[in-house]
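Contents: one structure, followed by commentary.
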Amino acid sequence: MINKPIIYVLLIGAVLVIGYWLLSGQVVKTSPTTLEQPHALISQPAQQANSSTAQVCNGQPTASLTEGPYYKNGSPKRTNIVDPGVPGEKITIKGLVLDSDCLPIENAWLDFWQTDGEGVYDNQGFKLRGHQYTNEIGEYILETVIPGEYPGRTPHIHVKVRAGENSQVVTSQLFLPTDRNDSDSIFDPSLVVIMSDDRKTANFNFVVPR
Ligand code: FE
């Protein structure tokens, strides 16, 4: 016969072992989903653009920048905003829309507008204008042309981004890596896309409030 004190010791031991197992299991469960998973997702579009130019998320919100005078409501829903005959060197910009925890946002709204390769906006129609929504892993893709310069401005792509219908709209501009940027008074270096060497693809991740 086993005496009672030994049974109590064994029971307490079993409770401690099971408790430790449950607690350590939780730690393993929570940290990869909140911290590691977003980084795994971030590498995906970056790899498609150029594996050596991955842009990581540090949770810093995307800087806001002036809207300018040429925004138009009602842009068509499309990821390719290059209509036939539009002058300019083609480029594909990809990236993620993330929240401040670096978690990807599905169905985030983005609205882009820009000049053609000669620095001209289409203010009559919707050339080089279009809105879209991120896919299930928070990705957007924009097929466009490298914008030209117009007086006083370095090449830039205007954008509005919003996580969801009731979220704050972030109005900003993307820049390309060019020497011209420093002479633009509103240029912000945190808004420069990472461009591949052949200038055909670029990467930029947005961080916006939920
Ligand atoms: Fe502009």
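Just so it is clear, none of the values below were taken in a lab; they were calculated from the coordinates. None of the values given here were measured: they were computed from a predicted structure. Cβ coordinates were reconstructed from backbone atoms using ideal geometry, including for glycine residues, and neighbour counts include every protein chain displayed.
Odds and ends about this structure:
- Among the residues here, ALA108 qualifies as small (Gly, Ala, Ser), in contact (Cβ under 8 Å) with a residue 24 or more places away in the chain and either within 16 Å of the ligand (Cβ to nearest atom) or touching a strand residue (DSSP E or B) at 6+ places or on another chain (Cβ under 6 Å) (or both).
- Residues satisfying the stated conditions in the range 111-136, i.e. within 21 Å of LEU98 (Cα to Cα), crowded, with 16+ Cβ neighbours inside 10 Å and away from the ligand (no atom under 12 Å from the Cβ): ASP111, GLY130, HIS131, GLN132, THR134
- Residue check for ILE91: away from the ligand (no atom under 16 Å from the Cβ), crowded, with 16+ Cβ neighbours inside 10 Å and either in contact (Cβ under 8 Å) with a residue 24 or more places away in the chain or farther than 27 Å from LYS200 by Cβ (or both): yes
- Filtering the range 137-152 to residues that are surrounded by fewer than 23 Cβ atoms within 10 Å (Cβ to Cβ) and touching a Pro at 6+ places or on another chain (Cβ under 9 Å) leaves ILE137, GLU139, ILE141, VAL145, ILE146, GLY148, GLU149.
- Positions within the range 189-210 being under 18 Å from the mean Cα position of the chain (by Cα) and part of a loop (DSSP other than H, G, I, E, B), in sequence order: VAL193, SER196, PHE204, ASN205, VAL208, PRO209, ARG210
Yes/no per residue for (1) in contact with a Phe, Trp or Tyr (Cβ under 9 Å, 6 or more places away or on another chain); (2) over 19 Å from GLN55 (Cα atoms):
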site	(1), (2)
ASN73	no, yes
ASN80	no, yes
ILE91	no, no
GLY119	yes, yes
LEU128	yes, yes
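- Some residue of the range 91-99 being within 25 Å of SER196 (Cα to Cα), of a type in the set (A, V, I, L, M) and touching a Cys at 6+ places or on another chain (Cβ under 7 Å): yes
- Test: residue in the range 141-149 that is out of contact with any strand residue (DSSP E or B) (no Cβ under 8 Å at 6 or more places or on another chain), more than 19 Å from ARG180 (Cβ to Cβ) and either within 16 Å of the ligand (Cβ to nearest atom) or not hydroxyl-bearing (Ser, Thr, Tyr) (or both): no
- In the range 57-75 there is at least one residue matching the filter, namely being crowded, with 19+ Cβ neighbours inside 10 Å, more than 15 Å from the ligand (Cβ to nearest atom), of a type in the set (S, T, N, Q) and in contact (Cβ under 8 Å) with a residue 12 or more places away in the chain.
- Where ILE186 falls short, out of the listed (1) more than 16 Å from the ligand (Cβ to nearest atom); (2) closer than 21 Å to GLN60 by Cβ; (3) not in a strand (DSSP E or B): (1)
- Pair list, Cβ under 7 Å, 6 or more apart: the range 153-176 residue touching a residue at least 40 places away in the same chain (Cβ under 8 Å), other residue among the β-branched types (Val, Ile, Thr) and within 10 Å of the ligand (Cβ to nearest atom): GLN173/ILE157; LEU174/ILE157
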